[in-house]
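The block underneath contains the structure these notes are about, expressed in structure tokens.
No value in this document is a laboratory result; all are computed from the given coordinates. What you see is a predicted model; the values in this text were computed from it and never measured. Glycine gets a Cβ as well: all are built from the backbone with ideal geometry, and neighbour counts include every protein chain shown.
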Amino acid sequence: MFSISEAAEKSGISSYTLRYYEKIGILPSPKRREGNIRYYTEKDIAFMVFLKSLKETGMLLEEIREMVNDGCIVEKIEQNIEASQLKPSIHKRIEILLKHLEKMEKKKKELDGVISTTKEKIDYYYSISFEDVKKK
């Protein structure tokens, strides 16, 4: 069991953000110890890392909430819930991820253009710099 500060350190998400994610329904309410102190399991931390990876790719919090609002698919599979009951959740997640992938691919194309332009500028500045050295 981990405190919120330990969970924050392990997941790479600040304690403040963990509380915020809990408040807006992205992160389920954690178990509590005496004194109403939050504590987290390894499974909770793995979920936090998953959330962080979605956020780092630029996924909006609304999309993340929509994706996780009906619980953990893996847990449901482990609980032997029928596949037919999981299909709507799985299809919704696939749809969200496909839309997000499309956004990321568009962003990648834009970044590739910026990278190319940056490399051209660097090459240009090197050429100017070396010409000045040759003239002296």
- Query: What's the FRET efficiency of residue 90 with residue 3 using the Cβ-Cβ distance as r and R₀ = 41 Å, to the nearest 0.05?
  - Reply: 0.75
- Message: Can you tell me which aspartates and glutamates have their Cα less than 14 Å from the Cα of residue 87? Leave out same-chain residues fewer than eight positions away.
- Response: 70, 95
- What FRET efficiency comes out for the pair residue 97/residue 31, r = Cβ-Cβ distance, R0 = 22 Å, nearest 0.05? 0.15
- Round to the nearest 0.05 the FRET efficiency obtained for residue 61 and residue 127 when R0 = 30 Å and r is the Cβ-Cβ distance. 0.10
- Task: Using the number of other C-beta atoms within 10 angstrom as an exposure proxy, rank 115, 26, 81, 4 with the fewest first.
- Result: 115, 81, 4, 26
- Measure up 43/109; 52/109; 10/109; 31/106 against 30 Å on the Cα-Cα distance and list the ones that go over. 43/109; 10/109; 31/106
- Message: With a cut-off of 8 Å between alpha carbons and a minimum separation of six or more residues, what is the relative contact order of the stretch 1-121 in percent?
- Response: 21 percent
- Is the shape of the chain rounded, prolate or oblate, going by the alpha carbon gyration tensor and its root eigenvalues a ≥ b ≥ c, with a/c under 1.5 for rounded and a/b larger than b/c for prolate? oblate
- Item | Fluctuation leader among 18, 54, 111 - the chain, Gaussian network, Cα springs under 10 angstrom | 111
- Task: Check each of the GluC sites (Glu not before Pro) in the stretch 13-115 and keep only those in coil by DSSP with at most 11 other C-beta atoms within 10 angstrom; list them in order.
- Result: 82
- Task: Just add up the charged neighbours of residue 21: K/R +1, D/E -1, any other residue whose Cβ is under 13 Å from the Cβ of residue 21.
- Result: +3
